[in-house]
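Right, one structure below, let's go through it.
The values are calculated or read from the model by the stated rules, or taken from the named source; none is laboratory data. All values derive from a computational prediction rather than experimental measurement. Backbone-built Cβ (ideal geometry, glycine too); neighbour counts: all protein chains shown. Just the protein is used for accessible areas: all its heavy atoms, side chains included, with ligands, DNA and RNA removed. Shrake-Rupley method; radii C 1.70, N 1.55, O 1.52, S 1.80 Å.
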Number of protein chains: 2
Amino acid sequence: MDAQQLKILQSCPLFTDISREELYAVLNCLQARVIHVSRGQLIFQEGQQAAEIGIVLSGWVQIIREDYFGNRSIIGRAEPSQLFGEAFACAGTEMLVGVIAATDGEIMLADCRKVLTLCKNSCTFHNKIIFNLLQIVAQKNLLLSQKLEILSCRSTREKLMRYLLQEAKSAGNDEFCIPYDRQGLADFLGVERSALSAEISKMRSDGLIECKKNWFRLIPSSD
Amino acid sequence: MDAQQLKILQSCPLFTDISREELYAVLNCLQARVIHVSRGQLIFQEGQQAAEIGIVLSGWVQIIREDYFGNRSIIGRAEPSQLFGEAFACAGTEMLVGVIAATDGEIMLADCRKVLTLCKNSCTFHNKIIFNLLQIVAQKNLLLSQKLEILSCRSTREKLMRYLLQEAKSAGNDEFCIPYDRQGLADFLGVERSALSAEISKMRSDGLIECKKNWFRLIPSSD
DNA sequence: GCTTTTTTGTTGGATTTCCAACATACATTT
DNA sequence: AAATGTATGTTGGAAATCCAACAAAAAAGC
């Protein structure tokens, strides 16, 4: 475990509020192990019982899925300091996705039961890890719910409006900047870029919004 | 705490694998309290810091949300033995939804920090509760991901196919029954019922599927 | 059996979205 | 400033979806 790896681990959300000294202790306690993977190597196989949580230390991994007919598709990625497999490990179900190394790299693996079962010395930091893990999964849950709310809208205008309302709410302000360019926003909303641009123009001329690049302002309806 | 309420609690996923005797102890340990609510009463307010988890003991509650302009919409419900508010409580964020009593009823409220912080006597069942909670949130996570995968498809055919592939996979078989009628399936996929029916007919004549009512069979493509 | 109700399939026109192509605006480089 | 590249806006026809209305089939009630 070199200094670089330790730094990555410290920025992993699983270890938030864990000091460097505690980190050493907790890693020992979790019996976490570091493996070297080479490009293309399967780390978790779809269908296997999920028992381990992975943390990317270097390189990056792809989350992949195969449908009934064997067609593979990439559904996500994880970069250094990011977790993967935690939802399956915590849910106690079999993996519905596979994880494959996209580059050579190093991965830390920790048995989820070890994480969840308190060690004899009932260390306070072990407790903190469980807390962090729950928080991570719950936060992801909220993100997924928000996105679901958007994608369940039928029209482009509704989707965009729903998204903008979410942003306005979290900004606590009717004007705000969004973290996407047009193409990125279109991808996020699940619509065509050109259709999105056209809809933005319409909504602008309908007096619903003002916007300039990634800056938006919602205009309260006058009823 | 009467016998009926106890029975409801025992079927709550939060208390899976907790015996009746342990349940008494753990409720005391969590300092859970039962409140009576009347129809229309606000239980959790949108915007407030989430600290408590709710369990419906009798009656039922609605999960509601208000957009930036104050329009209310119902986005979910919870019935006896079901949890609510757990994602926000665990994520440690403010409530992005409100919860309101749809009928008179009884609600159990438990401070989430109490749930997550082990009591002095470090009871084994308390540990079990944390484990259950994590499992519940993680499982919900997987469900949301699956639904997101479907809704992110652009066409009706893709959505249906993705859904059927999921069902085939979880059934481990190319034939299976789905738990929806046509209207229900259309709602789930986020499309029109008539468009769905038409698409099913097309896919049938294209030789992709066989189906009769809620029974489906996937036909492997012959390439 | 028959009638009634519910569910599912079909159809055609209005609407929306997709798609490709091009125009314009903006930023960067030379 | 000119040239290049990228992001965004606009447009028109093709394709898909929505929507309402109706037809057919299945289920439920009498």
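Here segment A:186-200 is the region considered, the condition is being within 8 Å of DNA strand D (Cβ to nearest atom) and either open to solvent by 60 Å² or more (accessible area, probe 1.4 Å) or under 16 Å from residue A:150 (Cβ atoms) (or both), and the residue that is farthest from the other protein chains (Cβ to nearest Cβ) is A:200. Would you call residue B:159 within 16 Å of DNA strand D (Cβ to nearest atom) and of a type in the set (Lys, Arg)? Judged against the criteria, residue B:159 is a match. Would you mind stating whether residue A:132 is within 8 Å of chain B (Cβ to nearest Cβ) and within 26 Å of residue B:142 (Cα to Cα)? For residue A:132, the condition - within 8 Å of chain B (Cβ to nearest Cβ) and within 26 Å of residue B:142 (Cα to Cα) - is not met.
Can you confirm whether residue B:183 is within 14 Å of DNA strand D (Cβ to nearest atom) and either open to solvent by 30 Å² or more (accessible area, probe 1.4 Å) or not aliphatic (A, V, I, L, M) (or both)?
Answer is yes for this residue.
Residue under question is residue B:195, and the condition is that it be touching a Ser or Thr at 6+ places or on another chain (Cβ under 6 Å) and among the hydrophobic types (A, V, I, L, M, F, W, C); does it hold? It would help to see each step written out before you state the result.
Values: touching a Ser or Thr at 6+ places or on another chain (Cβ under 6 Å): yes; among the hydrophobic types (A, V, I, L, M, F, W, C): yes.
When the stated conditions are applied, residue B:195 passes them.
Picking from residues in segment B:163-180 that are more than 11 Å from residue B:217 (Cβ to Cβ), open to solvent by 70 Å² or more (accessible area, probe 1.4 Å) and within 12 Å of another protein chain (Cβ to nearest Cβ), the one that is nearest to DNA strand C (Cβ to nearest atom) is B:170.
Okay, residues lined up against (1) touching a Cys at 6+ places or on another chain (Cβ under 9 Å); (2) modelled with pLDDT of 95 or more; (3) more than 10 Å from every other protein chain (Cβ to nearest Cβ); (4) under 30 Å from residue B:208 (Cα atoms):
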site	(1), (2), (3), (4)
A:71	no, no, no, yes
A:119	yes, no, yes, no
A:136	no, yes, no, no
A:144	no, yes, no, no
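When every residue of segment A:103-114 is checked against the conditions, none turns out to be at the interface with another protein chain (Cβ under 10 Å from one of its Cβ atoms), under 30 Å from residue A:196 (Cα atoms) and surrounded by fewer than 16 Cβ atoms within 10 Å (Cβ to Cβ). Within segment A:211-218, one or more residues are modelled with pLDDT under 95 and either at the interface with chain B (Cβ under 10 Å from one of its Cβ atoms) or away from DNA strand D (no atom under 16 Å from the Cβ) (or both). For segment B:169-215, which positions are on the phi > 0 side of the Ramachandran plot and small (Gly, Ala, Ser)? Listed by number, the residues that qualify are B:172, B:190, B:207.
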